[in-house]
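Engineer: Quick one: the structure is below, and I'll ask about it shortly.
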Amino acid sequence: MDSEMTNQEQEIKKSSAVTSAEDIANLGTADASTANEEKKEAKVTNLEEAVKADQVEATEAPAEAKTEAEATVDTSQQENPVTLDTVKSPKKKSFDHEFTSRQNVLAYMERAWEEKKVLNRSETERLKQIFFKLSQTELEETKKAFIEAGKDVEKFLPTPDAIDERMKELRGLFKKRREEHTQEVSKIKEENLAKKLGFISRLKEIVTSEDDINKYYNEVKEIQRTWNELRLIPEQKTTELWKQYHKEVEKFYDRLRINHEYRDYDFKKNRVIKEKLCEVAEGLLNEPDIVSAFHQLQNLHQEYREAGPVEKDIRETLWQRFKAASTEINKRHQEHFEKLREKENHNLDEKTVICEIVEQYDLTELKSFSDWDRATKEVLALQAKWKKIGYAPQKMNNKIFERFRKACDIFFETKAKFFKEIKKTMNENLAKKRELCEKAEALKDNTDWEETAEKLIQLQKDWKAIGPIPRKHSDSLWKRFLEACDSFFAKKKEAKPSKLDIERKNLKAKKMLIAELRELTDAVPVDELRDIINAKLDEWKTLGHVPYRDKDKIFKQFHDEIDRLMDITGGTGRGGRKRDHAPSNYYNQNAGGGERSKLVRDAEKKRGEISTFENNLGFFKSAKSSNNPIVEEMLKNVDKLKKELATILDKIKEIDNPTPKVEEEQSQATTEETPIVEE
């Protein structure tokens, strides 16, 4: 063997993956042929006899020997050829299609635990994600069924069940088992490291020994076999240990005087393997999955180390060919993860902004249903955006998620507390309004009209002051209260005579009084006539109002008769003093009284309409009336009526306070035309 092999093999990159047993069986043909040779060498006393025996055997049966040698090479090329398929590292198994419910995931974890399997961290995290996704799906279905059942969505509160608790417990158990397994593997690695260091020390002793180097051949082969079996060693020691080991092996082969044909056969076999590994490495340049190509390359490096030396003149060429493919794959792998890290950092920035938005909500300013509804929609939109962003860097991914979840939990817990308090207040208001309904229903059949009307009006004021109630009860309870009030006032209207009926009755009485005056003539003694006139005047004053259209006419008829009779008596009444039988503003009314009375009636009518509108508006305070067209129309009507009322009152004021010239003219008219009656 040539010492230049050391320089070639020292440059091989250390591997982080372990070659599968199948790959070792496929590619470790050198050890298989070595084992066959050792069986032969066990029958002779030294290496020289073994070589002679091989030569004799090859001479006697050259075809068979050649077939066996070629079979060794062909096996690696045909039965289990070194290709992309044979060296591909196993990809992570996708569990998504295997699980349809949380129970399936839990059952898988339970079986793995009972079978004493060790799930690595990525598998555990993947199962956790699948479990969480299925939990969210079941939660949405449960919430949908809850809403379809007619229940209040605000009362829906998910609670952890036994499956969630067991899943959490199993994750902890697998984590502990994984830690124990890691410790056990670390212990094995240290033990293997000590053994390999012992092998290197023994090789150094053999190489520096003055004895015949050939007698150590079998021992060195055993060391090589055992070395390859001890794969688990600390990663940081792999490269340096491999360098020391191959340095001593190469020294041994350089000293070894072996049959030239045997060494050429060994070189040829190793050359075929390494050329095939170069082809596979070059084929990985076209692998679309960069991560998979990188892991496969690590397996190829492990196999390249184990292949053994080749002819001196092609060692460097083969190594440079393999190294060139490795360099390109490593470069692509590094660029891929740099882009991935850049994307993850960008995702972290976006998620940090979302956390800050949710954390900056001033929850004390959310004091109404609309405020909370608006804020809830914004938070849900942020949650949906969060799901679309993607992963943050691994060391920050869990931390940023916990921060976001904490902010959302605070938001929704505060919202739940707010709605709980509001519902409590609304339920109290509901009880109060039900009590008012009962009181109104108890009063609706009462015939004490005035007192009962005052009580119902007070109940209406109390209703306005109470505040909102749950929406599902609002309309029905208001209708119940309104029906009780309307029922009473309808009965009151039917039972109590109307104002018009009273005025008509008064008109009839005044007409009868005028008819009695018309029957009086000068045949009645003067003193008696005076007493009758005074009595009729007093009686006239006791009678109430008459219909507006008959007011002036009946007033004039009455005083015309009084004037006629006072002319008969000489214009004096009891006591010999003149008596003004007409009201003080009678002539003012004649001058402008008809207009004033009409204006007064119009003013009273406007006040009634304004009062009715304002009373009805009070019942809309408990509802969301900011955009209610009915309320807006009523407010416009109230403003219009108030302006019309102000105009009417100004006109009445002008009539009641005329200019001095008008007052003097009216005073003269009164002095000249008003009859005086002595008392």
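Engineer: For the list (1) open to solvent by 100 Å² or more (accessible area, probe 1.4 Å); (2) at pLDDT 85 or above; (3) under 16 Å from Leu139 (Cβ atoms), I need the number of the one condition that Ala162 fails.
Structural biologist: Tallying (1) open to solvent by 100 Å² or more (accessible area, probe 1.4 Å); (2) at pLDDT 85 or above; (3) under 16 Å from Leu139 (Cβ atoms), Ala162 fails exactly one: (1).
Engineer: For segment 289-323, give me the residue count where each residue is among the charged types (D, E, K, R) and touching a Cys at 6+ places or on another chain (Cβ under 9 Å). Please lay out each step first, then the result.
Structural biologist: Step one: of segment 289-323, the residues among the charged types (D, E, K, R) are 289, 303, 305-306, 311-313, 315-316, 321, 323.
Retained after the next criterion (residues that are touching a Cys at 6+ places or on another chain (Cβ under 9 Å)): 321.
Here the count works out to 1.
Engineer: Now a separate question. Scan segment 409-451 for residues that are at pLDDT below 85 and touching a Cys at 6+ places or on another chain (Cβ under 8 Å) and report the count.
Structural biologist: The qualifying residues number 1.
Engineer: Do we have any residue at all in segment 527-534 that's open to solvent by less than 50 Å² (accessible area, probe 1.4 Å), of a type outside the set (A, V, I, L, M, F, W, C) and either modelled with pLDDT of 90 or more or in a helix (DSSP H, G or I) (or both)? Outline the logic, then answer.
Structural biologist: Of segment 527-534, the ones open to solvent by less than 50 Å² (accessible area, probe 1.4 Å) are 529, 532-534.
Among the residues that remain, those that are also of a type outside the set (A, V, I, L, M, F, W, C) are: 534.
Now narrow it down to the ones that are either modelled with pLDDT of 90 or more or in a helix (DSSP H, G or I) (or both): 534.
Within segment 527-534, one or more residues are open to solvent by less than 50 Å² (accessible area, probe 1.4 Å), of a type outside the set (A, V, I, L, M, F, W, C) and either modelled with pLDDT of 90 or more or in a helix (DSSP H, G or I) (or both).
Engineer: Here is a further query. Take the residues in segment 271-297 that are farther than 30 Å from Glu335 by Cβ and modelled with pLDDT of 90 or more, then tell me which one is surrounded by the fewest Cβ atoms within 10 Å (Cβ to Cβ). Walk me through how you get there before you give the answer.
Structural biologist: Our first condition is that a residue be farther than 30 Å from Glu335 by Cβ; within segment 271-297, this holds for 271-273.
From what is left, the residues that are modelled with pLDDT of 90 or more are 272-273.
Values: Val272: 19, Ile273: 25.
Going through the qualifying residues, I end up with Val272.
Engineer: Further, regarding this structure: Where residues in segment 317-348 are surrounded by 13 or more Cβ atoms within 10 Å (Cβ to Cβ) and among the acidic types (Asp, Glu), which of them is farthest from Asp266 (Cα to Cα)?
Structural biologist: Glu344
Engineer: Of all residues being of a type in the set (A, V, I, L, M) and assigned to a loop (DSSP other than H, G, I, E, B) in segment 535-552, which is nearest to Asp567 (Cα to Cα)? Just the residue, please.
Structural biologist: First pass over segment 535-552, keeping only residues of a type in the set (A, V, I, L, M): 535, 537, 543, 546.
Still in the list and also assigned to a loop (DSSP other than H, G, I, E, B): 543, 546.
On the way: Leu543: 25, Val546: 27 Å.
Selected residue: Leu543.
Engineer: Something else now. Go through segment 417-448 and report how many residues are part of a helix (DSSP H, G or I) and either free of Cβ contacts under 8 Å to residues at least 40 places away in the same chain or open to solvent by 50 Å² or more (accessible area, probe 1.4 Å) (or both). Give the derivation first.
Structural biologist: Of all residues in segment 417-448, those part of a helix (DSSP H, G or I) come to 417-443.
Checking which are either free of Cβ contacts under 8 Å to residues at least 40 places away in the same chain or open to solvent by 50 Å² or more (accessible area, probe 1.4 Å) (or both) leaves us with 417, 420-421, 423-425, 427-428, 431-432, 434-435, 438-439, 441-442.
So the answer is 16.
Engineer: Within segment 495-526, how many residues are assigned to a helix (DSSP H, G or I), open to solvent by 50 Å² or more (accessible area, probe 1.4 Å) and hydrophobic (A, V, I, L, M, F, W, C)? Working first, answer last.
Structural biologist: Applying the first criterion (assigned to a helix (DSSP H, G or I)) to segment 495-526 yields 495, 499-518, 526.
Those still in the list that are open to solvent by 50 Å² or more (accessible area, probe 1.4 Å) too: 495, 499-502, 504-505, 508, 511-512, 516, 518, 526.
Pick out the ones that are also hydrophobic (A, V, I, L, M, F, W, C) and you get 495, 500, 502, 512, 526.
Result for segment 495-526: 5.
Engineer: What pairs can you find where one residue is in segment 473-489 and in contact (Cβ under 8 Å) with a residue 12 or more places away in the chain, the other is open to solvent by 70 Å² or more (accessible area, probe 1.4 Å) and assigned to a helix (DSSP H, G or I), and their Cβ atoms are less than 8 Å apart, with a gap of 6+ or different chains?
Structural biologist: Hits for this filter: Leu477/Arg434.
Engineer: Residue by residue through segment 525-555, note down the ones that are of a type outside the set (Asp, Glu), over 29 Å from Lys499 (Cα atoms) and free of Cβ contacts under 8 Å to residues at least 12 places away in the same chain.
Structural biologist: Pro525
Engineer: Moving to a separate point now. Just to verify a result, which residue in segment 138-153, among those that are open to solvent by 70 Å² or more (accessible area, probe 1.4 Å) and assigned to a helix (DSSP H, G or I), is farthest from Phe401 (Cα to Cα)?
Structural biologist: Step by step, filter segment 138-153, then rank; the result is Glu148.
Engineer: Still on this structure: In segment 475-491, what residues are out of contact with any Asp or Glu (no Cβ under 9 Å at 6 or more places or on another chain) and either modelled with pLDDT of 85 or more or of a type in the set (D, E, K, R) (or both)?
Structural biologist: Asp475, Ser476, Leu477, Trp478, Lys479, Leu482, Cys485, Asp486, listed by residue number.
Engineer: What residue, among those in segment 449-472 that are β-branched (Val, Ile, Thr) and farther than 27 Å from Trp372 by Cα, is surrounded by the most Cβ atoms within 10 Å (Cβ to Cβ)? Talk me through it step by step, then tell me what you get.
Structural biologist: Filtering segment 449-472 down to residues β-branched (Val, Ile, Thr) leaves 452, 457, 466, 469.
With the extra rule that they be farther than 27 Å from Trp372 by Cα, the set shrinks to 452, 457.
Numbers: Thr452: 18, Ile457: 13.
Applying the filter and picking the extreme gives Thr452.
The values are calculated or read from the model by the stated rules, or taken from the named source; none is laboratory data. Remember, predicted model here, so these are calculated numbers, not experimental data. In this analysis, Cβ positions are derived from the backbone assuming ideal geometry, glycine residues included, and neighbour counts consider all displayed protein chains. Calculation scope for accessible area: heavy atoms of the full protein, side chains included, ligands and nucleic acids excluded. Shrake-Rupley method; radii C 1.70, N 1.55, O 1.52, S 1.80 Å.
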